[in-house]
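The values are calculated or read from the model by the stated rules, or taken from the named source; none is laboratory data. Since we're looking at a predicted model, the values are computed, not measured. All Cβ positions, glycine included, derive from the backbone under ideal geometry; neighbour counts span all protein chains shown.
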Amino acid sequence: MKKLMVCGCSFSAPSHKPEYANTAWGEVLAKKLGWDVQILARQGCSNGGIRIQIDEVIRQKPTFAIIVPTNYDRIEIPVQKDKLNFSNKNLWQKIQEFTQHTNDPTLIGYDPAIGLDNINYKNNDYRMISETIHSLVTDCPHYYRKESISTNTQNAVKEYVNNLYDPNWKHQTDKWIIRDGLTQLKYHNIPFLVIPGTLLWSSVKELIKDLTILLDEKYLLQDLTLTPYGIQDIYPFNGKESNDYEKDPGYHTSPTGQEFLAETYYQLIKDRWNLV
């Protein structure tokens with residue numbers, strides 16, 4: 001059976017509300033195609049997390065994949081990490097060992113051997129939390145996180161943003177992260193479509209500059225009004241007009257908007273890739 005896989009954040013994720021089951025554009029698209037579907041996208045996921053999703057696509061080798069990068073205001077933090085004793089007289093040696101040489105799994109979060117289980121999906125025993133920075137700082141309730149963010153972690157993220165975070169550099173490194181994933185997809189001969197429209201590539205000109213050396217036009221969606229991010233005001237969810245975001249299905253539009261996206265991407269797969 002042919003299979004569709006979708007990578008991204010909330011704009012591409014299924015709704016977490018039972019009343020909106022099977023209404024996300026990836027689910028509707030798969031039904032139109034008559035294919036199986038696996039949606040790896042999830043709310044709040046960072047571009048680093050999306051890069052891990054892409055690795056799962058490469059592992060499974062589906063018929064087609066759709067990659068939707070996210071904003072760069074997101075980071076990954078380890079769920080558990082032993083603390084260094086900064087009063088220790090051998091601190092320099094300990095820091096060098098920790099930052100350069102450690103293979104101790106209790107000291108680090110990410111483990112390349114476990115793939116998707118690195119990041120916080122709903123039920124997996126994840127090793128890293130991949131979320132927007134503001135949700136970490138405020139301990140905003142999160143559908144995929146099993147536990148609250150500790151006060152120490154909240155404060156650490158605040159200090160990171162205040163003293164260490166460079167949004168321009170983060171923007172650049174996130175582009176490199178996603179571009180590497182797209183390079184790997186092409187190398188492995190997996191047909192895919194990359195959809196811009198978040199702050200990562202917020203203009204077609206910028207997208208083309210960064211990606212057309214690597215990809216020809218059939219891989220790229222160049223009309224930002226046809227993106228999950230771009231249609232929010234055209235197909236708002238019921239309640240957005242009164243700022244009632246509790247009524248958001250989770251993918252930030254109405255189900256009608258999701259149907260519009262599904263039909264749009266169906267036609268692209270049919271016309272550009274002749275897979276239908």
*Please work out which residue is surrounded by the most Cβ atoms within 10 Å (Cβ to Cβ), limiting yourself to the stretch 132-158 and to residues that are in contact with a helix residue (DSSP H, G or I) (Cβ under 9 Å, 6 or more places away or on another chain) and of a type in the set (D, E, K, R).*
145
*asked:* For the stretch 206-228, give me the residue count where each residue is modelled with pLDDT of 90 or more and among the charged types (D, E, K, R).
replied: 2
*Among the residues of the stretch 225-237, is there at least one that is within 22 Å of the chain's Cα centre (by Cα), closer than 17 Å to residue 39 by Cβ and of a type in the set (Asp, Glu)?*
no
_Flag if residue 21 is free of Cβ contacts under 8 Å to residues at least 40 places away in the same chain, of a type outside the set (S, T, N, Q) and loosely packed, with under 15 Cβ neighbours inside 10 Å_ = yes
_Residue under question is residue 125, and the condition is that it be of a type in the set (Asp, Glu), at pLDDT below 95, surrounded by 12 or more Cβ atoms within 10 Å (Cβ to Cβ) and outside the structural domain of residue 210 (by TED's automatic domain parsing); does it hold?_
no
_Just the residues that are part of a helix (DSSP H, G or I) and either buried (at least 19 other Cβ atoms within 10 Å of the Cβ) or touching a Cys at 6+ places or on another chain (Cβ under 7 Å) (or both), please, taken from the stretch 208-233._
211, 219
*helices (runs of 4 or more DSSP H) contained in the stretch 1-117 and holding at least 1 residues within 25 Å of residue 143 (Cα to Cα)*: 25-33, 47-60
*May I ask you to verify whether residue 176 is within 20 Å of residue 72 (Cβ to Cβ), aromatic (Phe, Trp, Tyr), modelled with pLDDT of 85 or more and surrounded by fewer than 17 Cβ atoms within 10 Å (Cβ to Cβ)?*
yes
*asked:* Of the conditions (1) touching a residue at least 24 places away in the same chain (Cβ under 8 Å); (2) closer than 30 Å to residue 58 by Cβ, residue 124 satisfies every one except a single condition; which number is it?
replied: (1)
